[in-house]
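Okay, structure first, notes after.
The values are calculated or read from the model by the stated rules, or taken from the named source; none is laboratory data. Remember, predicted model here, so these are calculated numbers, not experimental data. Ideal geometry is used to build each Cβ from the backbone, glycine not excepted, and the neighbour counts take in all protein chains shown. Ligands, DNA and RNA are excluded from the accessible area calculation, which covers all protein heavy atoms including side chains. Shrake-Rupley method; radii C 1.70, N 1.55, O 1.52, S 1.80 Å.
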Amino acid sequence: MLPSREIFWNIPLNFVLYIMMLVPLGLLVWAVYKRYQLWHKGKPESRQGNVWRRVKAFIGPAVIDGLLHRRILGNRYGGIMHILILWGSLPLLVAAAVDAFSHYVYDFMVGPTYLIFSLIVDLGGLAVIAGVLMAVFRRYVLRPKKLDILWDDGVVLGSILLIVVTGYVIEGLRMAATELPVNPDWSRYSPGGLVVANALQGFVASNTGAAEGLHRGLWWFHATLTFGFMSYVFLRFSKIAHLVFSPLNAFYRSLKPKGALTPIDIEKVETLGVGNIEEFTWKQLLDLDACTRCGRCQEACPAFFSGKPLNPKKVILDLKRAMVEKWVTKKGDTIGQILPGGVIGTEELWNCTTCRACMEQCPVFIEHVDKIVELRRNLVLMQNSIPETGQRAIATMMKRGDPMSGTIYLRTDWYKDLGVKVLSQDANVDIMLFVGCVGAMDDRAQKATISLAKVLKAAGVNFGVLGAEETCCGDPARRLGHELQFQAQALRNIETMQRYNVKKVLASCPHCYNTLKVEYPQFGGNFQVIHHTEFLADLLRSGKLKPSKRLDATVVYHDPCYLGRYNDNYQAPRELLAAIPGLKLVEMDRSGKKSFCCGGGGGHLWLEETSGQRINVIRTEQALDTKASTVGIACPYCLQMFEDGISRKQLGDKLKAREVSELLEQSL
Amino acid sequence: MAEDKGLLTIGEVANGKLAPIAAELLGIGRKLADARGDKLDMLLLGANLAEAAKQAIAYGADRVYVAENPALAEYNPDSYAAAATKVAKQLSPSILLMGQTDMGRDLAPRLAAKLGGAVSMDCTELAIEPDTKLLLATRPVFGGNANGVMRVKARPQMATIRAKSMAALEPNASRQGEVIKVDAGVDASAVKVKVTKKVKQEALGIKLEDAEFVVTGGRGMGGAEAFKSLEELARVLGGAVGATRAACDDGWVASTIQVGQTGKIVSPKLYIAVGVSGAMQHIAGCSGSKNIVAINKDPEANIFKVAHFGVVGDYKEALPAFIQKCKELLAT
Amino acid sequence: MNIVVCAKQVPNPEIPMGKFKIDAQALKVIPPEGIAPVISPFDEQAIEVALRIKEKNPGSKITALTVGAGSAGDILKHALSMGADEGIFLSDPAFEGSDAFGTAYILSKAIQKLGNVDLILCGRQAADWDVGQVGTLLAEDLGIPLITIARKVEVLNGKLSVERALIDGYEVLEAPMPSLVTVSNEVGLPRLPTGMGIIMAARKKVAVWKAQDMGIDVAKVGKNAARSEMVKLYIPVREAKCEMFQADTVAEATVKMAVRLREAKVI
């Protein structure tokens, strides 16, 4: 006899099961529809674009991040736990469908197919139990800071555990009654069930009637519990609903360049930024439902890490609460409260350095930074609320075109003695260097800019600058929420560059680089923008740049957020450093995608840190821990922040901060 | 245009005594009057002016016009403008000088309007043009970045002088001069603005941005306690205390007094940086100062590159002596 | 309430130290390349004061005036974006070279044309020539009460209550309306233009009034009517080097420095 089993062995009226199943399925449809209605109270936003492009773009993350857990495994324990539960449950769910098919349509569950199938399902159940136990242990025993505890967590974990365990008991009872006495060697393929079956064999043999009754009872209990749990999930929008919302959110995730914030259409708007929940777009609202409270964003956030009020997870959950209280429960303290400065405190909003560490970590592609900037826009543009130093930076930008209030330099000072071409006098250049305000007007960053110019000259590059005609790229204004000033800056620079027929732009500041590269196209400024480390690495490869002098230094490279995470340039700077003879390159724990912000982004070069530890000091200490003698830097903001961190901790004799160009110049 | 009739100064009185600015006005006034061959007159407004009038003569006035009226005991813009206008119209001076004080900066333009003259404000030098005998007034413009020399065409030619920019003469009690009482009646209908309250603030209460003297401490001060001596120096000079970002962040002082790119921008007459290394973000906040003094242990500190006066040394040795000497100098 | 704010465009006073250049022949300042002129900071603060009063007295109307030529009217857009309701550019070739008296006269004619004004605010002085007289002369021309160098301005029971900044404190003055108040920097940082303010300002038009629109007697304005003239403009020589004081002890060195500071009239 071929191995198989009788599906619905002793269960009468088993078709009722499929009727019961309609309840959670109906609730699923209802829940998605309800939520869909909720999201569509938000503003329209086109995320459709080319559907095929979106589908294609979805398949990658769906497989790599969804099924293979690349992002989720970024956290080892949580990743393994999640993989056990998800990969364990899938066969269980599939089994139900396959059983039905085999029972009603075509019976193929016989022979080796049945046995292998049985084994996979059984092991899946064991994996789920292991995963759930890991989850229980972590949430209730280890209690990591990033996890909060809601009763939903208990219901979810308890229900899953109970469902799987009752499943094994049912299986064990059936095996003890029908399999062990007849085909004991089949039972090896159901190791979980076998344990139960062995334990119950005596009872089943002596009380056949009672065992069958128990089996029937448990069978219905298991079915009711499963459907009940599923119904609960969709009725209560439990976090398990992320099975639906997360793939949906991933499907509609942003496909625009990572560093491009959404522009405000000045011609059309009536309010600016987001003050109330309905001013978010539907996708920003969908984001809120997609959150599983996993806390990875919180763990990655430098502001939270340094003890500041901002917690990206809490921001998302608070916004979700505001959404639910306003439109679903219609009660709660967020009702009638403005979001920025009410539901989300102003200090939290100003804490964000827009470093994108949270978004890089989020397994379900939630867009934290975009929301924070929208809320800042409302604070700054509608409520006129901005920290005094940030206000001064923007006021200076309005009047003088740069945020460097109080500088003793003009933009044209640094190249006075270098013979650098200025486009207004000689536009015959191969590439234009966009210097940036900090690189031109901060005396420390100036040195790096001068080194870059010398390196370029040494490599025979025909470059020029806009000189006095350059103005701030607008990044600080945009990240501080002053979209209008940003747009004014962008339009002005685009007009100037187009006037000189500029095609290729070399940017030494990752902030300018990101803004020119991915944000200026929003306003018709399409230039080929290259970061100087990319450009110099090309020169290196083509042999035009030959670092030859030894530089006996151990250098730890710090990834700037706007070069690394935002624009995926991790290699060029390392390649340049590695090419310097004698230079030893080491890494910090948090490098590459996980790089820890220097504390200067998101307009923070112009804001004071009013609470917690200083982020730049933390980062400086991380660099010091590598025993490196020098921090290699590729961003004028980072340079300023590290210099400050070094002087605060009086580490000048142990650690130096050097721009990559400076080290290269020394080696030429 | 009125006929040239001499040089009138409007003095100020504090607690019955001639205020220092009035002595300074007489010092420069004497030189100008001598250069023109004029008499030097001073008008005093207020109550109980006898002693101040005597002092004015000792400091160089030939004639002191005394407008006494209890209603003028405190400065009121309207009553002072009315009284001063009345006297000035009678005297019809060719040159009229005042101090750039609370009173002068308010009253001088009013008088210029009422008398048909024109005034150069906040002058640091005054001279008589040899050929024309007209007043040449030198005054800082563009926030002190440049100096402009003005020649006033209208009569009276008016100027206010910046305090402590011109020297007073040594008082000579035996000098002879006339004290002339003038009608100081003020038509009540001319007084439309009422002073209801006067609040004196401690020198330390001066806002950092407005202070003429700023004493700033940096990380070199080592702790909150050390800022006490800076406060004392600020008190002696009548200025305010500032701090670098490092000192604020370390919690030694309130962040409201931070000077620098992310703090307050100051441009006092004198900026004293103690234990300040001179990070650019800090220099950005004080580079507009007219004079910068640096006291720092490190002779290589960046602050000496922007300072005008410097001492290399520990603030603990430097400050007490410096404070003591400033006290002595300011008492004279 | 109808509030008028008088403002002026000046070269950006935040020009970095040492970058300041003049044309001594033409008696003019040469602004550094790439740095645009701005609204004079005290005038910007006068707008701030007007906006604060408007916040407490809803329905008030703020009109910003400036006298000048060419792009000088741009500051009115700034005033509008901060929240002013209307901007009027007083511009006529005849106005060129006017001194404080001429400027005050032009403003007075504009305000008379506007009529029914309750409060006029000016900056205490313009950050270019630092003359500090236009406000006073304007009040005299209009024959209205004047309070200078205000650090706080409020309207209480139909009267003005103004705190006037003094060297060692302040005094509170009361004046009827209409009056003119000149505003000092103690009022605090002027607000950033609001987002909608910038958008609305871009859509608004600034009116231009010429001499004849205001019935101005051109003999009273312009260079020839000026009551004083500049005969020289120069940049004071400042010792570039730091003067270091040395002695046997640090204390003695600082005493020498204190004496030197006194001699140099710094203290």
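Some values worked out for this structure:
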read-out	value
Test: B:VAL214 is open to solvent by less than 50 Å² (accessible area, probe 1.4 Å), modelled with pLDDT of 80 or more and within 14 Å of chain A (Cβ to nearest Cβ)	no
Hits in segment C:93-125 (condition: surrounded by 21 or more Cβ atoms within 10 Å (Cβ to Cβ), closer than 23 Å to C:HIS78 by Cβ and charged (D, E, K, R))	C:ARG124
Cβ pairs under 7 Å, 6+ apart, first in segment B:169-198 and in contact (Cβ under 8 Å) with a residue 12 or more places away in the chain, second open to solvent by 100 Å² or more (accessible area, probe 1.4 Å)	B:VAL195/B:GLU74
Options C:LEU160, C:LEU173, C:LEU146, C:LEU138; residue that is more than 15 Å from C:VAL4 (Cα to Cα) and open to solvent by less than 40 Å² (accessible area, probe 1.4 Å)	C:LEU173
Whichever residue in segment A:268-290 is in contact with a helix residue (DSSP H, G or I) (Cβ under 9 Å, 6 or more places away or on another chain) and within 14 Å of chain C (Cβ to nearest Cβ) and, among such residues, is surrounded by the fewest Cβ atoms within 10 Å (Cβ to Cβ)	A:GLU270
Test: residue in segment A:150-168 that is within 30 Å of A:ALA303 (Cα to Cα) and open to solvent by 60 Å² or more (accessible area, probe 1.4 Å)	yes
A:LYS320 being out of contact with any Leu (no Cβ under 8 Å at 6 or more places or on another chain) and basic (Lys, Arg)	no
B:ALA61 part of a helix (DSSP H, G or I), open to solvent by less than 20 Å² (accessible area, probe 1.4 Å) and away from chain C (no Cβ under 14 Å)	no
Of the criteria (1) open to solvent by less than 10 Å² (accessible area, probe 1.4 Å); (2) farther than 19 Å from C:VAL4 by Cα; (3) assigned to a helix (DSSP H, G or I), which one C:ALA201 fails	(2)
Selection from segment C:7-62 of residues that are free of Cβ contacts under 8 Å to residues at least 40 places away in the same chain, more than 14 Å from chain A (Cβ to nearest Cβ) and among the hydrophobic types (A, V, I, L, M, F, W, C)	C:ALA26
All positions within segment B:147-170 that are surrounded by 20 or more Cβ atoms within 10 Å (Cβ to Cβ) and more than 18 Å from B:LEU32 (Cα to Cα)	B:GLY148
Strands (runs of 3 or more DSSP E) fully within segment B:123-175 counting 2 or more residues that are more than 9 Å from chain C (Cβ to nearest Cβ) and at negative phi	B:125-128, B:157-161
Sole exception among (1) at pLDDT 90 or above; (2) assigned to a loop (DSSP other than H, G, I, E, B) for A:PHE229, by number	(2)
Any pair with Cβ under 7 angstrom, 6 or more apart, that starts in segment A:177-192 at a residue that is without any contact (Cβ under 8 Å) to a residue 24 or more places away in the chain and ends at one that is outside any helix (DSSP H, G or I) and open to solvent by less than 70 Å² (accessible area, probe 1.4 Å)	A:SER187/A:LEU180
Residues being over 18 Å from B:LYS325 (Cα atoms), of a type in the set (Val, Ile, Thr) and open to solvent by less than 60 Å² (accessible area, probe 1.4 Å) - total across segment C:222-262	1
Filter result for A:ARG356 (over 30 Å from A:LEU466 (Cα atoms), within 13 Å of another protein chain (Cβ to nearest Cβ) and modelled with pLDDT of 95 or more)	no
Of all residues in segment B:255-295 being under 24 Å from C:GLU186 (Cβ atoms) and modelled with pLDDT under 75, the one that is farthest from the other protein chains (Cβ to nearest Cβ)	B:THR256
One residue from A:THR354, A:THR389 being surrounded by fewer than 24 Cβ atoms within 10 Å (Cβ to Cβ), in contact with a helix residue (DSSP H, G or I) (Cβ under 9 Å, 6 or more places away or on another chain) and touching a residue at least 24 places away in the same chain (Cβ under 8 Å)	A:THR389
Count of segment B:296-332 residues which are among the β-branched types (Val, Ile, Thr), within 7 Å of chain C (Cβ to nearest Cβ) and within 26 Å of the chain's Cα centre (by Cα)	0
B:LYS153 farther than 30 Å from B:ALA58 by Cα, of a type in the set (D, E, K, R) and not assigned by TED's automatic domain parsing to the domain that holds B:ALA294	yes
Residue in segment B:237-248 that is farther than 27 Å from A:VAL617 by Cα, surrounded by fewer than 24 Cβ atoms within 10 Å (Cβ to Cβ), within 12 Å of chain C (Cβ to nearest Cβ) and out of contact with any Phe, Trp or Tyr (no Cβ under 8 Å at 6 or more places or on another chain) present	no
Residues being surrounded by 21 or more Cβ atoms within 10 Å (Cβ to Cβ) and touching a helix residue (DSSP H, G or I) at 6+ places or on another chain (Cβ under 7 Å) - total across segment A:488-504	2
Qualifying residue in segment B:185-195 (condition: in contact with a Lys or Arg (Cβ under 6 Å, 6 or more places away or on another chain) and in a strand (DSSP E or B))	no
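Residue-by-condition table, conditions (1) closer than 20 Å to C:GLN133 by Cα; (2) assigned to a helix (DSSP H, G or I):
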site	(1), (2)
C:ASP43	yes, yes
C:ILE53	no, yes
C:PRO58	no, no
C:LYS77	no, yes
C:GLY87	no, no
C:ALA94	no, yes
C:ALA110	yes, yes
